[in-house]
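Before any comments, here is the structure.
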Amino acid sequence: MEKMKMAKRFQGKVAIVTASTQGIGFGIAERLGLEGASVVVSSRKQKNVDEAVVKLKARGIEVIGVVCHVSNGQQRKNLINQTIEKFGKIDVVVSNAAANPSVDSILQTKESVLDKLWDINVKSSILLLQDAAPHLQKGSSVVLISSIAGYQPQSSMAMYGVTKTALLGLTKALAAEMAPDTRVNCVAPGFVPTHFAEYITSNDGVRQTIEQNTLLNRLGTTRDMAAAAAFLASDDASYITGETLVVAGGMPSRL
Ligand code: NAP
């Protein structure tokens with residue numbers, strides 16, 4: 001991703017990306033930053049936050065890092081407060097954090113795990129947006145990160161998939177609620193070999209099966225996801241709201 005070739009769709013804009021110290025979230029933060037945004041990165045661990053900030057600064061990006069476990073209310077508020085203190089407004093929020101703590105079937109999933117999935121994958125996005133809403137500018141944009149599993153929850157990640165299905169509805173509902181000043185859209189990634197998906201994509205057999213399930217014969221990259229999120233967050237998508245963009249190499253999703 002060469003800086004010289006980047007459009008500058010986010011010049012003068014302020015973007016918060018949750019769970020953004022590695023993987024897809026980091027890729028999105030980097031892309032928005034290279035396109036001119038002032039970026040706020042965050043995740044649970046200070047060390048990861050510090051390292052991400054160093055990497056992004058090295059690419060010439062204006063960035064601050066804030067520790068924020070998305071299910072911690074105090075840390076969510078602090079994320080918003082630090083953003084406002086430093087940059088004075090919010091133009092883009094990308095809600096990217098998720099957990100997938102269990103491979104159990106839904107009927108075998110413990111209540112504490114159901115709570116955690118709901119809490120991190122769905123509720124924390126809502127609560128973060130409640131805190132962010134008073135600071136969102138006219139023309140601002142929210143991007144939720146769902147999953148191809150939201151369309152067809154597979155057995156090894158069934159309940160996780162259901163929480164990702166919920167984000168498709170949340171996208172529609174929030175788009176109506178936050179219009180016309182703020183657009184709300186969603187990206188549903190296919191499989192991307194990040195730490196999160198390591199238990200799937202690091203197994204050669206499983207990896208090949210997934211690749212064969214795509215039309216493009218490959219896994220996705222964090223750059224593929226970042227490009228889609230940046231498009232939806234940008235003014236190029238100024239007439240698009242309430243939509244989910246599947247970025248899964250043609251994997252089956254919907255008509
Ligand atoms: P990843 O590479 O494992 O990165 C996870 C990031 O989230 C790290 O920066 C981690 O840093 C942070 N994090 C984890 N739990 C957090 C929490 N509770 N609060 C705040 N930050 C947290 O994951 P990824 O694959 O990029 O996944 C990102 C999103 O894409 C998720 O919503 C996932 O469901 C979705 N997705 C991924 C795939 C895939 O194949 N990879 C497919 C479909 C959808 P710390 O450890 O410092 O917190």
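The values are calculated or read from the model by the stated rules, or taken from the named source; none is laboratory data. Nothing here was measured: the structure is a model prediction, and the numbers come from that model. Every residue, glycine among them, receives a Cβ derived from its backbone with ideal geometry; neighbour counts consider all protein chains shown. Ligands, DNA and RNA are excluded from the accessible area calculation, which covers all protein heavy atoms including side chains. Shrake-Rupley method; radii C 1.70, N 1.55, O 1.52, S 1.80 Å.
Key figures for this structure:
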read-out	value
Pair list, Cβ under 7 Å, 6 or more apart: the range 215-229 residue more than 13 Å from Val246 (Cβ to Cβ) and open to solvent by 10 Å² or more (accessible area, probe 1.4 Å), other residue more than 10 Å from the ligand (Cβ to nearest atom) and acidic (Asp, Glu)	Asn217/Glu211; Arg218/Glu211; Leu219/Glu211
Residues being farther than 22 Å from Asp236 by Cα, touching a helix residue (DSSP H, G or I) at 6+ places or on another chain (Cβ under 9 Å), assigned to a helix (DSSP H, G or I) and open to solvent by less than 30 Å² (accessible area, probe 1.4 Å) - total across the range 29-61	2
Only listed residue being open to solvent by 60 Å² or more (accessible area, probe 1.4 Å), in contact (Cβ under 8 Å) with a residue 24 or more places away in the chain and within 15 Å of the ligand (Cβ to nearest atom), chosen from Pro193, Pro189	Pro193
Identity of the residue in the range 67-77, in a helix (DSSP H, G or I) and within 10 Å of the ligand (Cβ to nearest atom), that ends up surrounded by the fewest Cβ atoms within 10 Å (Cβ to Cβ)	Gln75
So Ala175, is it open to solvent by less than 20 Å² (accessible area, probe 1.4 Å), over 30 Å from Gly139 (Cβ atoms) and part of a helix (DSSP H, G or I)	no
Residue, modelled with the highest pLDDT, within the range 197-220, restricted to residues that are farther than 30 Å from Ala176 by Cβ and within 10 Å of the ligand (Cβ to nearest atom)	Leu219
Residue identified as within 13 Å of the ligand (Cβ to nearest atom), at pLDDT 95 or above and in a strand (DSSP E or B) among Ile16, Ile24	Ile16
Matching option when the condition is more than 10 Å from the ligand (Cβ to nearest atom), under 17 Å from the mean Cα position of the chain (by Cα) and either under 12 Å from Ile16 (Cα atoms) or surrounded by 16 or more Cβ atoms within 10 Å (Cβ to Cβ) (or both), among Ile64, Ile80, Ile120, Ile84	Ile80
